[in-house]
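These notes are about the structure you will find just below.
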Amino acid sequence: MDDAINMSLRKFLKQVGVTSQQAIEAAIRDAGGLDAPVKAQVVLTVEGLDLTHTIEGEIGPGGSS
């Protein structure tokens, strides 16, 4: 893979990870914390590549990714 594409992809994924974590942490704070795991789902779509990728997991006490 082209180095410029690889770097752009890594930058995008870092932004996704950081901003997603911040949004989830804020929602947990607003909810007053979590007593039990909650289900989470991320759907990634890339226009022009006909790509849809879904990731599911749990967040919270006893949750696993």
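Could you tell me which residue of segment 1-24 is most open to solvent (accessible area, probe 1.4 Å), considering only residues that are touching a strand residue (DSSP E or B) at 6+ places or on another chain (Cβ under 9 Å) and of a type in the set (Val, Ile, Thr)? Full working, then the answer.
Here is the first cut: in segment 1-24, the residues touching a strand residue (DSSP E or B) at 6+ places or on another chain (Cβ under 9 Å) are 16, 20, 24.
In the following step, the residues that additionally are of a type in the set (Val, Ile, Thr) were identified as 16, 24.
Values: VAL16: 52, ILE24: 70 Å².
If we take residues in segment 1-24 being touching a strand residue (DSSP E or B) at 6+ places or on another chain (Cβ under 9 Å) and of a type in the set (Val, Ile, Thr), then ILE24 is most open to solvent (accessible area, probe 1.4 Å).
Take segment 25-65 and flag every residue that is surrounded by 10 or more Cβ atoms within 10 Å (Cβ to Cβ), in a loop (DSSP other than H, G, I, E, B) and not aliphatic (A, V, I, L, M).
Residues satisfying the conditions are PRO37, GLY60, PRO61, GLY63.
The values are calculated or read from the model by the stated rules, or taken from the named source; none is laboratory data. Here the structure is a predicted model, which means the values were calculated and not measured. Glycine gets a Cβ as well: all are built from the backbone with ideal geometry, and neighbour counts include every protein chain shown. When the accessible area is computed, the model is the full protein with side chains, heavy atoms only, and any ligands, DNA or RNA have been set aside. Shrake-Rupley method; radii C 1.70, N 1.55, O 1.52, S 1.80 Å.
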